[in-house]
Each structure stands twice: as structure tokens, then as C-alpha cells.
Amino acid sequence: MSAKKQSNGHFYGGIIFLVLLCSAVYYSDSFLRSFMSVNETLPVKAVEIDGAFKQLTQKQIATLAGKLVAGKNIATLDVTQLESRLHMNPWVAQAVVQKKMPDTLLISVVEHVPAAYWNNKGLYDAHTRSVFYPDMSSFNEPLARLGAFRDELAFDVYQSAVEFIRLMRGSKYQLVELYLDQVHCYTLTLANGTKLILGREGRLASRRLKRFLNAFSATGLNIDDVSYVDLRYDVGFAVGKKDNNIEKHGEDKNVISKEKRTESAAGSKKR
């Protein structure tokens, strides 16, 4: 009987101890949360900025961070708000904010690296495969100008430009602009302003560019006198001169005819 009472005493004692322990944990946690939520307890005092910048500056990022988080409690701070504000700058490709207790924020920023102009108002980043629209007033890098009727086509146009530049390597011609219109026709502009109309489809356009590179010199024409070369034919091409004349050239690379500018063909059907 005595052993049974002793066992019950241990049981009830254990329950009381457990209740007291849970109460202590609860009130300690509540007190700690309340203490930690006071701004003066763990205020943000410093930021460390990591990144290689050409268009952005550490001062810009630090100033923005200071306005948003200076003095706020680092323990309860929502860093996603600062990340969102950083991403509002068009030059920011990626931004990550981390806490370094007790009082420092680590800000890592990746800046967009433009590979080409896009539609005269924006830039294309080949690494992120994205178009972005920063303030262009102070940007004047010697990049190729690309464009299309939709931003979603930027990657395809860029890839085509890379291929065309590769094909032109070693020649006297330089690509400065490439545009894809609404019927998916590529028009390539050379450094002297002459336009090469390559037509649709990347592979066909590449073959037509090769035809131009191999055959144009045999025409005896000065490229600086040429407004455009229309290569949208199975064979040959048409040359629109700056004096508004058109010269047609066939497979034998000799001049077949010369006439005032009209819609005409040189060889087979345009594509």
C-alpha cells in the first residue's frame, strides 16, 4: 500500500514538474520574443555589399538599404522587402540579402552585363537571357543593335547574331544591327549602312549570308554604293544601289540586268 502511494506521488509530481517546465518555456519564449522585437534591442547598424559594379555603385545600394532598414530590429526584419526594392533598379539582375548577427546585413548584388542594344530603348543580357530597360542617357557602349517585334524573341535574335558574326569573321564586313520583323525576316545592317535581307529561318539565313560573302566581290560593285542586298532567293541576289537602281546577280555572279528600283527577282522565288 505504501509502495502504491509512493508510485502515485511520483506520477503526480512528474505531471506538476512537466506543467511547470512548459509554463517556464512558454513565458521565457514570450519574453524573449517581446524583448527581441523591440527595435532598440538588435538594431541594424551596418551593411556589407558584395558585387562587381560598372553601372551601379556601392553608395547607391548602401543609401537605399539605409533608408529602408537602418535602426530596425535585425531579428524581426523581413529582408525580402529590401530585395524587392533592389530589384526595382533595372541594372540589378539578382539581389540577395542575408542577416549577420548581431547587427549587420550582407547584400549580394549581380549587375546586368549588356551584350547588345535591344530595340533602341533597352539592352540584352546574354547571361540572364533577358531584356531590361535602364536609363540609356549615360550609356554609350559600342555594342551591336538587335531588335524584334517582341521581347520574347531576344534570345533567338541574339543567337542568330552570334552565328552571323562568326560567319563574317575574317571578312571585311561587320554586323552592327540585326532585326527580325513580324514575318520573321532577318535584316542585317553592315557598318557602312548596307542592309542584307536574309529572309526567314536561321539556317537558310546563314546559307544566304555565306552566299553573299562568297559571291559579292565578283560583282565588281563597291559595297559603299549599295543600299541593300536582297538574298531571299534560291540562287543569286538583287542589289539595290544608292542611286535607286537595282542590279540582279545570278549563280554565275555576273550582272544579268540593271533597272530602276521595282519589286524584282534574281534567280528563283523569294522566301
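Read the figures in this text as sums done on the coordinates, not as results from a lab. Since we're looking at a predicted model, the values are computed, not measured. Backbone-built Cβ (ideal geometry, glycine too); neighbour counts: all protein chains shown.
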*Among GLN182, VAL96, GLY193, whose Cα lies farthest out toward the positive end of the dipole of the range 56-194, if unit charges sit on the beta carbon of Lys, Arg (+1) and Asp, Glu (-1)?*
VAL96
*asked:* Taking 0.36 nm per residue of sequence separation and subtracting the Cα-Cα distance, how much length would be gained by fully extending the chain between ARG85 and ALA52, in nm to one decimal?
replied: 10.0 nm
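Using +1 on the beta carbon of Lys and Arg, -1 on that of Asp and Glu, and nothing else charged, what's the dipole of the range 114-260 about the Cα centre, debye to 20?
Dipole magnitude for the range 114-260 comes out near 380 debye.
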_Give me the extension gain from GLN60 to SER217: residue separation times 0.36 nm, minus the current Cα-Cα distance, reported in nm with one decimal._
51.2 nm
*Which ³J(HN,Hα) values in Hz, rounded to whole numbers, follow from the phi angles of the range 204-214 under the Karplus curve 6.51 cos²θ - 1.76 cosθ + 1.60, where θ = phi - 60° and Gly and Pro get x?*
5, 4, 5, 5, 5, 5, 4, 4, 4, 4, 7
_Please compute the contact order of the range 46-111 in relative form: average sequence separation of alpha-carbon pairs under 8 Å and at least six residues apart, divided by the residue count, as a percent._
45
*Please state the charge dipole magnitude for the range 46-111, taken about the Cα centre, from unit charges on C-beta atoms (+1 on K and R, -1 on D and E), reported in debye and rounded to the nearest 20.*
160
